[in-house]
1. Averaged over every viewing direction, what's the projected area of the C-alpha convex hull for the range 3-66? Give it in nm², one decimal, please.
2. Count the lysine pairs in the chain whose Cα atoms lie under 26 Å apart, taking only pairs 8 or more positions apart in sequence or on different chains.
3. With charges set only on the Cβ (+1 for Lys and Arg, -1 for Asp and Glu), what does the dipole of the range 3-66 come to about its Cα centre, in debye to the nearest 20?
4. Between the range 123-170 and the range 27-106, what is the separation of their alpha carbon centroids in Å?
5. Would you pull out the residues with amide H under 5 Å of Thr72's amide H, same chain only if 5 or more places away, H placed 1.01 Å from N?
6. In debye to the nearest 20, how big a dipole does the chain give about its Cα centre with +1 on each Lys and Arg Cβ and -1 on each Asp and Glu Cβ?
7. Explain nothing, just the number: dipole magnitude of the range 96-188 about its Cα centre with +1 on each Lys and Arg Cβ and -1 on each Asp and Glu Cβ, in debye rounded to the nearest 20.
8. Once every DSSP H run of n ≥ 4 in the chain is given -39500 (n - 2.57) and the sum is divided by its residues, what mean residue ellipticity at 222 nm do you get, rounded to the nearest 500 deg cm²/dmol?
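Where a number appears in this text, it was derived from the coordinates with a stated rule and is not lab data. A quick note: this is a predicted structure, and the numbers were derived from the prediction, not measured. Quick reminder, even Gly has a Cβ in these numbers, built from the backbone with ideal geometry, and neighbours come from all protein chains shown.
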Amino acid sequence: MHEDDLFTAPQLASLCGVELKTIHNWIAKGMIRHFRSPGRHIRIRRVDLIEFMERFGYPIPEELQMNSEKPTLAIIDSDSNNLTSFRKTLSRKFEVRGFNDLYSALLALGAEPPSAIVINASMDGVDWSRIIGNIRNIPSMNRIPVILYSEDHAMRDPVLKAGATDFFVLDDMKKVKGMLEGSLLASA
């Protein structure tokens, strides 16, 4: 993430035409996603700022729209061949971050949330309702799409019931690319 993709509370106050105290109240009420720098200063990601302004009807300045970054996909799969295929297929439209371990990926993603999380549902011994529930309990990740995939069609209903945003069968990477681009670029 680039420094110019982060905004301070005073910058948000200026963009919205409100007092700084109002921004602090909105943050305290959980109305805008943010994080704190190591020095405990409030920082707001560009995508969260735009989402907030759209949700509450503030006009979005042109300079915010022009410099939008590629959406970030976090792909979690223990099969390195699948990770390579995703990178080759999706890297023109997305920043692809690959992880081969579910638990270490979720720890890393909590600190810097992606636009979406895409996970191989075929991993053994995983309680998907618990994993997806834990993702939804992390404030910075509770609205992020969690998309699972497998080569097994039978996985669809259990992972959707567990709370996944979507499911696809990993059989045609072009079809997968189209599905991801359609759903994620439309919401970016």
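1. 4.2 nm²
2. 14
3. Numbers: 9 positive and 9 negative charges, 95 e Å.
The calculation lands at about 460 debye.
4. 18 Å
5. Placed amide hydrogens put Glu95, Ser115, Ala116 under 5 Å from Thr72.
6. Values: 23 positive and 24 negative charges, 88 e Å.
Magnitude of the dipole: close to 420 debye.
7. Values: 9 positive and 11 negative charges, 67 e Å.
With Lys and Arg at +1 and Asp and Glu at -1, about 320 debye.
8. Details: 9 runs with 76 residues, N = 188.
The helix contribution divided over the chain gives -11000 deg cm²/dmol.
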